Amino acid sequence: MDILRDRVITSCWTRADALKVHFDDPTTTQPKVNIDFPVMSEKLFIWDTMPLRDLEGNIVSVDGWSIIFTLTAVKQPDRFKDKNGNYDIVKDWNDRHGRARMCFWYARNSKSWQYGGRVMNDGVSPTEREWAGTPILLNDNGDIDLYYTCVTPGATIAKVSGKVQTDNNSVKLSGFDKVIPLFSADGVYYQTEEQNEYWNFCDPCPFIDPNDGNLYMVFEGNVAGDRGSHIISSDDMGDVPPGFEDVGGAKYQVGCIGFAVARDSTGNNWEILPPLLTAVGVNDQTERPHFVFKDGKYYLFTISHQYTYADGLKGPDGVYGFVSDSLFGPYTPLNGSGLVLGNPSSQPFQTYSHYVMPNGLVTSFIDNVPGRGDKFRIGGTEAPTVQIKIVGNRTFVIKQFDYGFIPPLKNIVVR
């Protein structure tokens, strides 16, 4: 594995790259979400959406049923009330991360989602919160490995396994009763909680490299080192123009896309490798990284917020992407800046947690949509699916579909 470690060419998303990010370029801007959007459930919030897929990255259906996993929280109107005794949905929504649970949904038409329930029962996950990851259908026996994040105390990449069963009317999951911890931040490549109380370490996404057939994983991390100790190097800066040398407090932004390789085919034993991409001095969050393999190239996507950008930089909430001819790098930003699909400036928080599928369809959830004056509507439901076209090192928004439309690329018969 030392050979693999030496092969990784850690690329920098530079400040010069990020200076090219622009709001409201029509080729990289998501269409506005209407404030009259439908919701999947009146009783539940959903956000990060994880379509069932295989290790090659294909979105799969089972016996004709599309299946998605979501981070989910039960709405609590009795707990969250304003001074007049009315339900304060904003406070409820903002509290959701502390009670996030993994749930699943299914649909015959890939968009009319029916709630299936919890994936794991209470007490199965060893930590308080169940955060995002990737569900993998392993075979036509219906075996599923769910890679996810155990959070508080600490943060650990973990795996839990179970089965999917279907009939003509519904989808059911069984098992998912034994969690296998895989690894945590090491403090050498990836920042630990001891090094930074605001550290990020989550969002595992395993895949098989189409070229060498080995099992790898990308995840969100921060570059190792004590908070505030990082120096913005010339590699991190890139070719900034005159007058943009001042980095302010950018030393606190140290996001990266982590990388690991499985030591065996079971996915139970992993070795941490150096990051594929760093954003030191640029951004502190590179969430939910994942790959699309196309035309012999590796397209590496991640999501980030405008509020996690470093001093002197700004960009929209949305999905950012990078491309390489090799899994191990080097990676260059798509569209020159990295921005692939951002929210419009008039609705800056309308959607988040974008996931790019091999056919260019991009799913996300609705966060909040502004109305008149200072009014806005909380989402907690699936956003309209958008399609992008990927051509070499460029992308283009070309089409919008219905809310939560997540079609499979292939169907697996397991009955």
Would you be able to say whether some residue in the stretch 238-252 is assigned to a strand (DSSP E or B), in contact (Cβ under 8 Å) with a residue 12 or more places away in the chain, open to solvent by less than 20 Å² (accessible area, probe 1.4 Å) and hydrophobic (A, V, I, L, M, F, W, C)?
no
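From the list Pro275, Pro358, Pro316, which one is in contact with a strand residue (DSSP E or B) (Cβ under 6 Å, 6 or more places away or on another chain) and surrounded by fewer than 20 Cβ atoms within 10 Å (Cβ to Cβ)?
Pro358
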With (1) surrounded by fewer than 24 Cβ atoms within 10 Å (Cβ to Cβ); (2) in contact (Cβ under 8 Å) with a residue 24 or more places away in the chain; (3) under 24 Å from Phe23 (Cβ atoms) as the list, and Ala310 as the residue in question, which single condition is left unmet?
(1)
Inter-residue pairs, beta-carbon under 7 Å, first farther than 23 Å from Ile68 by Cα and in the stretch 371-397, second in a loop (DSSP other than H, G, I, E, B) and at pLDDT below 95, 6+ apart
Arg377/Gly371
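Here's the yes/no breakdown for (1) closer than 23 Å to Ile3 by Cα; (2) over 24 Å from the mean Cα position of the chain (by Cα); (3) modelled with pLDDT of 95 or more:
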residue: Gln195; (1), (2), (3): no, no, yes
residue: Asp226; (1), (2), (3): no, yes, yes
residue: Ala250; (1), (2), (3): no, no, yes
residue: Ile257; (1), (2), (3): yes, no, yes
Selection status of Leu138, within 23 Å of the chain's Cα centre (by Cα), open to solvent by 40 Å² or more (accessible area, probe 1.4 Å) and at pLDDT 95 or above
yes
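Going by the structure shown, is Ala132 closer than 25 Å to Asn58 by Cα, touching an Asp or Glu at 6+ places or on another chain (Cβ under 8 Å), of a type in the set (Gly, Ala, Ser) and surrounded by 14 or more Cβ atoms within 10 Å (Cβ to Cβ)? Talk me through it step by step, then tell me what you get.
Values: closer than 25 Å to Asn58 by Cα: yes; touching an Asp or Glu at 6+ places or on another chain (Cβ under 8 Å): yes; of a type in the set (Gly, Ala, Ser): yes; surrounded by 14 or more Cβ atoms within 10 Å (Cβ to Cβ): yes.
Yes: the conditions hold for Ala132.
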Restricting the first residue to the stretch 162-188 and requiring it to be farther than 11 Å from Val119 by Cα, which pairs with a second residue that is hydrophobic (A, V, I, L, M, F, W, C) and surrounded by fewer than 19 Cβ atoms within 10 Å (Cβ to Cβ) meet a Cβ separation below 9 Å and a spacing of at least six or different chains?
Gln165/Val414; Thr166/Val414; Lys178/Val124; Val179/Val124
Across the stretch 387-415, which residue is nearest to Val164 (Cα to Cα) among those that are aliphatic (A, V, I, L, M), open to solvent by less than 40 Å² (accessible area, probe 1.4 Å) and assigned to a strand (DSSP E or B)?
Ile412
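Residues in the stretch 98-112 that are farther than 11 Å from Val171 by Cβ and in contact with a Phe, Trp or Tyr (Cβ under 8 Å, 6 or more places away or on another chain): how many?
5
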Single match in Ile3, Ile9 (criterion: outside any strand (DSSP E or B), among the β-branched types (Val, Ile, Thr) and either over 25 Å from Gly321 (Cβ atoms) or free of Cβ contacts under 8 Å to residues at least 12 places away in the same chain (or both))
Ile3
Out of Thr363, Thr332, Thr302, I need the residue that is open to solvent by 10 Å² or more (accessible area, probe 1.4 Å), within 22 Å of Gln285 (Cβ to Cβ) and in contact (Cβ under 8 Å) with a residue 12 or more places away in the chain. Which one?
Thr332
Among the residues of the stretch 144-154, write down those that are touching a strand residue (DSSP E or B) at 6+ places or on another chain (Cβ under 6 Å) and either touching a residue at least 40 places away in the same chain (Cβ under 8 Å) or surrounded by fewer than 20 Cβ atoms within 10 Å (Cβ to Cβ) (or both).
Ile144, Asp145, Leu146, Tyr147, Tyr148, Thr149, Val151, Thr152
Test for Ser265: is it modelled with pLDDT of 95 or more, loosely packed, with under 13 Cβ neighbours inside 10 Å, part of a loop (DSSP other than H, G, I, E, B) and at negative phi:
no
Hey, among the residues in the stretch 9-21 that are open to solvent by 20 Å² or more (accessible area, probe 1.4 Å) and under 22 Å from the mean Cα position of the chain (by Cα), which one's farthest from Pro274 (Cα to Cα)?
Asp17
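The values are calculated or read from the model by the stated rules, or taken from the named source; none is laboratory data. Since we're looking at a predicted model, the values are computed, not measured. We place every Cβ from the backbone using ideal geometry, glycine too, and count neighbours over all the protein chains shown. We work out accessible area using only protein heavy atoms, side chains counted, and drop any ligands, DNA or RNA first. Shrake-Rupley method; radii C 1.70, N 1.55, O 1.52, S 1.80 Å.
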